């Protein structure tokens, strides 16, 4: 009887964890292979640029203007070109998704003078000046028959150790709308 109870409890725990990861509203949901990403209007890449940053439906030609502590996405092409390129509208399929946390010392992310000012009390307990900047990253590899140069979409947000915020499907959708639509396989 005791073994049966333990097995029943373990099965319940495993089922609960699995259903939490299978819920798109869960912060632990991973965008599955086969999800569809639709770009609704053409995007232009400057000569020599492989990527554009997107936040709150606005395109940024680099990191300037991006609020790093809010979700943002980087849309990338496969190859660099010395000429201006335009891609889209297009449909893409997610071929692989990787989620990870990254840690970068504050001094490597801030302008030099600002990092020097922050060294004092923030540096206590860390190997490098200041608290580390953490980021939660969701990288989706993409394939498009219409636009074969489309390569990847990476969405992220920065946070401090006390904050830990994951990037959810809702965050990604909100960040990309109205330029892109993300449709999960079970959404048809």
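Return yes or no: is residue 69 over 18 Å from residue 143 (Cα atoms) and either in a loop (DSSP other than H, G, I, E, B) or modelled with pLDDT under 95 (or both)? I'd like the intermediate steps shown before the answer.
Details: over 18 Å from residue 143 (Cα atoms): yes; either in a loop (DSSP other than H, G, I, E, B) or modelled with pLDDT under 95 (or both): yes.
The answer is yes for residue 69.
Which of the residues that make up the range 158-188 are over 21 Å from residue 44 (Cβ atoms) and in contact with a strand residue (DSSP E or B) (Cβ under 6 Å, 6 or more places away or on another chain)? It would help to see each step written out before you state the result.
As a first pass, look at the range 158-188 and keep what is over 21 Å from residue 44 (Cβ atoms): 158-174, 182-188.
Hits for the range 158-188 are 158, 159, 165, 166, 167, 172, 173, 182, 183.
Close Cβ contacts (under 9 Å, 6 or more residues apart or on different chains) running from residues in the range 22-35 that are farther than 18 Å from residue 165 by Cβ to residues that are in a loop (DSSP other than H, G, I, E, B) comprise 22/29; 32/184; 34/184; 35/184.
Residues in the range 46-56 that are over 18 Å from residue 92 (Cα atoms) and in a strand (DSSP E or B): how many?
Filtering the range 46-56 down to residues over 18 Å from residue 92 (Cα atoms) leaves 46-49, 55-56.
So of that shortlist, the ones also in a strand (DSSP E or B) come out as 55.
So the answer is 1.
Under the condition of being touching a residue at least 24 places away in the same chain (Cβ under 8 Å), assigned to a loop (DSSP other than H, G, I, E, B) and more than 11 Å from the chain's Cα centre (by Cα), the residues counted in the range 164-188 number 6.
Please verify whether residue 146 is farther than 17 Å from residue 73 by Cβ, over 21 Å from the mean Cα position of the chain (by Cα), exposed (fewer than 15 other Cβ atoms within 10 Å of the Cβ) and at pLDDT 65 or above, treating the condition exactly as stated. It is true that residue 146 is farther than 17 Å from residue 73 by Cβ, over 21 Å from the mean Cα position of the chain (by Cα), exposed (fewer than 15 other Cβ atoms within 10 Å of the Cβ) and at pLDDT 65 or above.
So is residue 107 modelled with pLDDT under 95, at negative phi and surrounded by 14 or more Cβ atoms within 10 Å (Cβ to Cβ) or not?
Numbers: modelled with pLDDT under 95: yes; at negative phi: yes; surrounded by 14 or more Cβ atoms within 10 Å (Cβ to Cβ): yes.
Criteria met by residue 107.
The values are calculated or read from the model by the stated rules, or taken from the named source; none is laboratory data. In this text, all values refer to a predicted model and were calculated from it rather than measured experimentally. Note that we place each Cβ from the backbone using ideal geometry, even for glycine, and neighbour counts take in every protein chain shown.
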